Protein chains: 2
Amino acid sequence: MYRTHDCGSLRVSDVNKEVTLSGWVQKSRDKGFMIWVDLRDRYGITQLIFDEDRTDETVMKTAQTLGREYVIQVKGTVIERESKNAKIPTGDVEILVKELKILSASKTPPFTIEDETDGGEELRMKYRYLDIRRNPVRENLIFRSKVAMQVRNFLASKDFVEVETPVLIKSTPEGARDFVVPSRMNEGQFYALPQSPQTFKQLLMVGGLDKYFQIVKCFRDEDLRADRQPEFTQIDCEMSFVEQEDVLNIFEEMTRHLLKEVKNVQVDKFPRMTYQEAMEKYGNDKPDIRFGMEFGDLSAFAKARDFKIFNEAEIVVGIAVPGAASMTRKEIDKLIDWVKRPQVGALGMVYVKCNEDGSFKSSVDKFYSQEDLAQWAEATGAQTGDLICVLSGPTNKTRTQLSALRMEMAERLGLRNPEEFAPLWVIDFPLLEWDEDTERYHAMHHPFTSPKPEDIEKLSTDPGNVRANAYDLVLNGNEIGGGSVRIFDKELQALMFDHLGFTPEEARAQFGFLMDAFEYGAPPHAGLAFGFDRLVSILGGQETIRDFIAFPKNNSGRDVMIDAPAAIDQEQLQELNLKVTVE
Amino acid sequence: MYRTHDCGSLRVSDVNKEVTLSGWVQKSRDKGFMIWVDLRDRYGITQLIFDEDRTDETVMKTAQTLGREYVIQVKGTVIERESKNAKIPTGDVEILVKELKILSASKTPPFTIEDETDGGEELRMKYRYLDIRRNPVRENLIFRSKVAMQVRNFLASKDFVEVETPVLIKSTPEGARDFVVPSRMNEGQFYALPQSPQTFKQLLMVGGLDKYFQIVKCFRDEDLRADRQPEFTQIDCEMSFVEQEDVLNIFEEMTRHLLKEVKNVQVDKFPRMTYQEAMEKYGNDKPDIRFGMEFGDLSAFAKARDFKIFNEAEIVVGIAVPGAASMTRKEIDKLIDWVKRPQVGALGMVYVKCNEDGSFKSSVDKFYSQEDLAQWAEATGAQTGDLICVLSGPTNKTRTQLSALRMEMAERLGLRNPEEFAPLWVIDFPLLEWDEDTERYHAMHHPFTSPKPEDIEKLSTDPGNVRANAYDLVLNGNEIGGGSVRIFDKELQALMFDHLGFTPEEARAQFGFLMDAFEYGAPPHAGLAFGFDRLVSILGGQETIRDFIAFPKNNSGRDVMIDAPAAIDQEQLQELNLKVTVE
């Protein structure tokens, strides 16, 4: 037997027990006549002591050779420590070692196996199996496992059935983003990996399964931004005979349950906000509402004077940054440089300091009176000591810029507390969005999302203003879930494909099986999918999903540990009837 | 709201309630003045009644148009039925309908949505979403979900952490069976889909995770036999600081737990049998021990006479088929034809009838005395009334043939009761097996399996007889799980690669990252993987895994519902730098 106890379980009540422990050498202090070793495993650290008066000489000698990360097995007696360590649960005891066996030696690890390591990200990825030994990474993985368990138990308690949908499927119209898999048995043909199990979960509803979920890997072959992965995990859900309200209620309950179970945080009923309102108040369809700084629309007041820039702008909009009136001229200039960075893209920024004495000092004092500025302060909710930051320009662009500024100021002011959780439903998303490249409307969510019945007639006259029965769940400024009420009527589905620019033939080629299914009694249904990686990282109080994935890929989609992807041999290519057209 | 109740929940205690139900029309009986409709959903069937005296005329008219599989919503009053149906839980009540809405019409389904359908397999696969509406298919999917839940809760209670390992990995030496995925971002390179997460789970052990599991999709691009799928699901497990005994105990406990929870079957400690013993007694490394018919080795007695066929055979071996002495000559001739079929491959069969009067009648009476045959009866455990079937020839081949005959006779005699569960551990598998094609030894399990320490020296002298610390869990004649104690020493791993015919360079190219990991303190570890599809189907009392997969592929690896795989367009191929070399 390799161990009688793990390294986290021995206490004073175990004193005098003969025990066997196994684990890794965290560190070792050799005083010659005495050697202390911290022995580590997943469950904790236990101190070992080798004492020349009480430990066999050959054991002492072996103990002297132990390096960091050696795997050892020891037998010994639990004794009470003279100098206790209150920081760890096993800190009252140590093991007086009688037998020692080296199970595996270790080279010096390329970075320290400590909570704060000296290893850079690339190095830690290459040796991910060592990185996982560090408490923060291991705890993240265990946390992820716990969240998944809670999700499953909650959904099972609500009669949801977990069904595994296929991974080898068919390429869809957004095909450019599909990973494909050549088939050896079906020459010249390809499977595709799913971007989501969307059509399959709808077919399960047509199949009468009523309530489906799945925690499932999905795949997207797109250029990777900082925090995207080519393979990612969704909590995918679908329900039949429900309306939007039912879906919102059950997943709100689930999210509340998670916050309670894994964070011990109690959250009230989630606020709801229309997409329109979110854009007006926060310039963002996933607003972080842990803090205020709501937008004030200053267009009416600001355009009433002779300031040309504002007068020519479509919108003038500002936020009150709490306590920022104390910023120096230099600091404000730097902030103006910040909003002018290409990533933000503003042309400039007007500011107003709300002085302690109730007066205002602005960068546009030439054009606006104290009374004018008082109006601005009212519209932005600015208090004494605040700094009002004002941007202007085309409506959408300006709101996006101000949203970036709002988030930046919140970050600087420490208002984005990762242990505070502010969920929010954003509803009534537009059904369609205009795509400049292809010069046509695309489905904002996906082609199966149902328009609001009262907006259907606008499909021909004013497509951009048709609202969908679509909703996002937002947590701390991140979209953690999104879904919609689906179309279940084949006529309406055909109309949608038509508006999305599919010919009937194209629609049939791509979605024939779904449209066929709708011919045989499709129930009303609706669903939602959570981005599981993101959900876990936010619940875990961190921003980077990579920290919650056991073996993540880097920004080029490479696994640097196993060195994948890689070339395959000619024989394999021939079997697949493929030729690579680059070197 | 689409419903106040589902179709399985109303009882006599609900009489007089006003309810709303939604579901599918299972069937409809129209007597003109009265129409009865069976309304179905996942939860059950509720009878609706439309009565011209009590139901509005327009509602009556709409009700007349209802066809099978229409999706409807009704409002009405729960009333007590005059003629009750004791077969269903809702059989005491019916709904007197006041309002009726057709949510979706349906064409006549291509096969009946009944427990016993008239649809053939191919048709049911094409319309799988309709097949899923049938009770047996739906119940199988729900059953699968329950088994997964029980597995997860059991393993979590034992401190196992579920970790998602990557799907986009690297092609391995058994590369011919890998599905590959061309990478767009890494030109000319390919990911591979995992045949199992083997190396990743070992790396998680090196990473100190201690106990890992995952219910995970795996992929194998091999020619599909009747009941194989290109994508299949494993319960994949690994533990550190354990010996074989620990692994056997915990997964025996898990299997016992499953049998108790999902089948209410109590099973005692699982018997254990060495591979050697299994081959000798059953000619099979996954013997079905729900019934006897153990092999009797007759070589010693049978070769002592002048029967040339036996004298020239390496082995003479028989089974006693219970009660089969009553078979007619014609029936026995047919059985002899059966063993001669190419699928079995025997050259002939000798038989002995154990007559009621204690005498024997055999097909080789010319060569063997009654006393000789009495020895045969003793060796095979034959009783009065049994038929002893004897095969002879080369040892391995003959045992395999007799195993096939044993299974066939058990099937004919109804001894393979799907509601009886007889688990069994088969242990001490050979480490290597000889491959005729490549003329070299291959790892029987995989290259990371550890040899038994006492057999290591035979690696050079007698490799075929080196036993491994490898084990299979067998249930009712099916291998439902298999695993091994792993090599965790880099020298031993290098030795193994050498014996498997890898050059050091090849080993490094394929498994460099694992061998590197072993340089940094690898713990002893061992694991096991269950074939989840198979496990679920056997627990479900059925033999076909396809019946427990929501959207299975056919024997050509095709999904006939979505028509995948399929050609992809030229643009997609170009982006991937690929050219297809067939039409």
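The values are calculated or read from the model by the stated rules, or taken from the named source; none is laboratory data. Just so it is clear, the model here is predicted, and its values are computed rather than measured. FYI the Cβ positions are ideal-geometry reconstructions off the backbone, even for glycines, and counts take in every protein chain you see. These area figures cover heavy atoms from the full protein model, side chains too; ligands, DNA and RNA do not enter into them. Shrake-Rupley method; radii C 1.70, N 1.55, O 1.52, S 1.80 Å.
Quick notes on this structure:
- Residue list for the stretch A:456-498, restricted to those being assigned to a strand (DSSP E or B), open to solvent by 70 Å² or more (accessible area, probe 1.4 Å) and acidic (Asp, Glu): A:479
- Among the residues of the stretch B:144-171, the ones that are in contact with a Lys or Arg (Cβ under 6 Å, 6 or more places away or on another chain) and at the interface with chain A (Cβ under 7 Å from one of its Cβ atoms) come to 1 in all.
- Just one of (1) crowded, with 17+ Cβ neighbours inside 10 Å; (2) touching a strand residue (DSSP E or B) at 6+ places or on another chain (Cβ under 8 Å); (3) more than 30 Å from residue B:432 (Cα to Cα) fails for residue B:372. It is (2).
- Of all residues in the stretch B:317-361, those being part of a strand (DSSP E or B) and either over 33 Å from the mean Cα position of the chain (by Cα) or loosely packed, with under 12 Cβ neighbours inside 10 Å (or both) number 7.
- Looking across B:162, B:114, one residue alone is in contact with a strand residue (DSSP E or B) (Cβ under 6 Å, 6 or more places away or on another chain) and open to solvent by 20 Å² or more (accessible area, probe 1.4 Å). It is B:162.
- The residue that is nearest to residue B:62 (Cα to Cα), among those in the stretch B:107-129 that are touching a residue at least 60 places away in the same chain (Cβ under 8 Å) and within 13 Å of chain A (Cβ to nearest Cβ), is B:113.
- Checked against (1) closer than 20 Å to residue B:70 by Cβ; (2) more than 10 Å from every other protein chain (Cβ to nearest Cβ); (3) touching an Asp or Glu at 6+ places or on another chain (Cβ under 7 Å), residue B:23 meets all criteria but (2).
- Residues in the stretch B:133-143 that are more than 8 Å from chain A (Cβ to nearest Cβ) and in a helix (DSSP H, G or I) were compared, and the one that is farthest from residue B:119 (Cα to Cα) is B:143.
- Residue in the stretch A:510-526 that is at pLDDT below 90 and of a type in the set (Gly, Ala, Ser) present: yes
- Condition met for residue A:292 (open to solvent by 10 Å² or more (accessible area, probe 1.4 Å) and more than 39 Å from the chain's Cα centre (by Cα)): no
- Counting the residues of the stretch B:382-430 that are farther than 30 Å from residue B:463 by Cβ and open to solvent by less than 30 Å² (accessible area, probe 1.4 Å) gives 14.
- Comparison of B:88, B:79, B:45 shows that the only residue that is more than 11 Å from every other protein chain (Cβ to nearest Cβ), out of contact with any Lys or Arg (no Cβ under 8 Å at 6 or more places or on another chain), part of a strand (DSSP E or B) and closer than 25 Å to residue B:141 by Cβ is B:45.
- Search result, residues across the stretch B:173-194 that are in a loop (DSSP other than H, G, I, E, B) and either out of contact with any strand residue (DSSP E or B) (no Cβ under 7 Å at 6 or more places or on another chain) or not assigned by the TED database to the domain that holds residue B:256 (or both): B:173, B:174, B:184, B:185, B:186, B:187
Residues checked against (1) assigned to a loop (DSSP other than H, G, I, E, B); (2) under 24 Å from residue B:212 (Cα atoms); (3) not small (Gly, Ala, Ser):
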{"position": "B:514", "(1), (2), (3)": "no, yes, yes"}
{"position": "B:526", "(1), (2), (3)": "no, yes, no"}
{"position": "B:534", "(1), (2), (3)": "no, yes, yes"}
{"position": "B:543", "(1), (2), (3)": "yes, no, yes"}
{"position": "B:546", "(1), (2), (3)": "no, no, yes"}
{"position": "B:550", "(1), (2), (3)": "yes, no, no"}
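- Flag if residue A:545 is of a type in the set (A, V, I, L, M), at pLDDT below 95 and closer than 16 Å to residue A:479 by Cβ: yes
- Listed by first and then second residue, the pairs linking a residue in the stretch A:433-455 that is open to solvent by 90 Å² or more (accessible area, probe 1.4 Å) to a residue that is not in a helix (DSSP H, G or I), with Cβ atoms under 7 Å apart and 6 or more places separating them unless they lie on different chains, are A:434/A:441; A:440/A:501.
This table checks each residue for (1) assigned to a loop (DSSP other than H, G, I, E, B); (2) more than 14 Å from chain B (Cβ to nearest Cβ).
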residue: A:16; (1), (2): yes, yes
residue: A:28; (1), (2): no, no
residue: A:39; (1), (2): no, no
residue: A:50; (1), (2): no, yes
residue: A:61; (1), (2): no, yes
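- Residue in the stretch A:198-209 that is farther than 19 Å from residue A:515 by Cβ, without any contact (Cβ under 8 Å) to a residue 40 or more places away in the chain and out of contact with any Gly (no Cβ under 9 Å at 6 or more places or on another chain) present: no
- Scanning the stretch A:564-574 for residues being touching an Asp or Glu at 6+ places or on another chain (Cβ under 9 Å) and assigned to a helix (DSSP H, G or I) gives a total of 1.
- Test: residue A:98 is outside any loop (DSSP other than H, G, I, E, B), among the charged types (D, E, K, R) and open to solvent by 40 Å² or more (accessible area, probe 1.4 Å): yes
- Screening residue B:323 with (1) under 17 Å from residue B:376 (Cα atoms); (2) modelled with pLDDT of 95 or more; (3) in contact with a helix residue (DSSP H, G or I) (Cβ under 8 Å, 6 or more places away or on another chain) gives one miss only, at (3).
- Test: residue in the stretch A:172-180 that is open to solvent by 10 Å² or more (accessible area, probe 1.4 Å), of a type outside the set (A, V, I, L, M, F, W, C) and at the interface with chain B (Cβ under 7 Å from one of its Cβ atoms): no
- When we screen B:62, B:117 for residues that are modelled with pLDDT under 95 and of a type in the set (Val, Ile, Thr), the only hit is B:117.
- Residue B:263 being surrounded by fewer than 23 Cβ atoms within 10 Å (Cβ to Cβ), of a type outside the set (Val, Ile, Thr), in contact with a Gly (Cβ under 9 Å, 6 or more places away or on another chain) and under 17 Å from residue B:421 (Cβ atoms): yes
- Residue in the stretch A:195-243 that is farthest from the other protein chains (Cβ to nearest Cβ), counting only those that are open to solvent by 10 Å² or more (accessible area, probe 1.4 Å) and part of a helix (DSSP H, G or I): A:198
- Those residues of the stretch A:489-523 which are among the small types (Gly, Ala, Ser) and more than 14 Å from every other protein chain (Cβ to nearest Cβ), in sequence order: A:494, A:501, A:507
- Restricting the stretch B:524-583 to residues that are out of contact with any Leu (no Cβ under 8 Å at 6 or more places or on another chain), within 7 Å of another protein chain (Cβ to nearest Cβ) and polar (S, T, N, Q), the residue that is surrounded by the most Cβ atoms within 10 Å (Cβ to Cβ): B:572
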